[in-house]
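Notes follow once the structure below has been shown.
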Amino acid sequence: MWFWIFLLICNMLIPATMVGFGWVLKNRTPKEINSIFGYRTKRSMKNKETWEFANRYCGQIWIKAGLIMIAPTILATAVCYPLDDDGQGWVSLAVTAVQCVVLIGSIFPVEKALKKKFGDK
């Protein structure tokens, strides 16, 4: 049971991080363009306007995606409760892999929105 609780907590880290940092990016966008914190791509770091837009847009996506991922994460983790530790671990690995795809996949709509709004300059 303790291993399952540990996995549930671990599985919730990515959605919780996305919601938390999404809120920060959306509501408290880093004031200065920097290479340490914020949505950092070549296109987003061109100027202050693209920086603010990209961070706010990414924040919105992360909040929505993080909130949407909470229910399936809890469901997948709950379904694997009767499995042995190895089975629970494999399910947790699959859940984390899907979450990572969603997290990394958020780059594509942000870059598309940047290109649409600011062009390919």
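Every number here is computed from the coordinates shown, using simple stated rules; none is lab data. Predicted model, so just to flag it, every value in this text is computed and none were measured. With ideal geometry, Cβ positions are generated from the backbone for all residues, glycine too; neighbour counts draw on all protein chains shown.
Starting from the exponent 0.38 and prefactor 2.2 Å, build the expected Rg for the stretch 1-67 from its residue count and divide its actual Cα Rg by it.
1.35
What's the exposure ranking of TYR39, TYR81, TYR57, going from fewest to most Cβ atoms within 10 Å?
TYR81, TYR57, TYR39
Match the structure shown to one of the listed values (i) 2, 10, 15, 18, 17, 14, 11, 8, 5, 1, 0; (ii) 2, 12, 20, 18, 14, 11, 9, 7, 5, 2, 1; (iii) 2, 9, 13, 14, 13, 15, 16, 10, 5, 3, 1, 0, 0 of P(r) over Cα pairs in 5 Å bins from 0, in percent, computed from it, and give that label.
Checked against the structure: label (ii).
Assuming R0 = 41 Å, what is the FRET efficiency of ILE36 and TRP90, from their Cβ-Cβ distance, to the nearest 0.05?
Values: r = 35 Å, r/R0 = 0.86.
Between ILE36 and TRP90 the formula returns 0.70.
Putting +1 on Lys and Arg Cβ atoms and -1 on Asp and Glu Cβ atoms, find which of CYS80, GLN60, LEU13 reaches farthest to the positive end of the dipole of the chain.
Result: GLN60, furthest along the dipole toward the positive end.
Please give the contour-minus-distance gain from GLU52 to ILE74: 0.36 nm per residue of separation, less the Cα-Cα distance, rounded to one decimal in nm. Intermediate results must be reported in sequence, preceding the final value.
Working: separation 22, 0.36 × 22 = 7.92 nm, distance 3.31 nm.
Difference between extended and current length: 4.6 nm.
About its Cα centre, what dipole magnitude does the chain give when the only charges are +1 on Lys and Arg Cβ and -1 on Asp and Glu Cβ, stated in debye to the nearest 20?
That gives a dipole near 1080 debye.
Over the chain, what is the relative contact order in whole percent, taking alpha-carbon pairs under 8 Å and six or more residues apart?
In percent, rounded to a whole number, it is 35.
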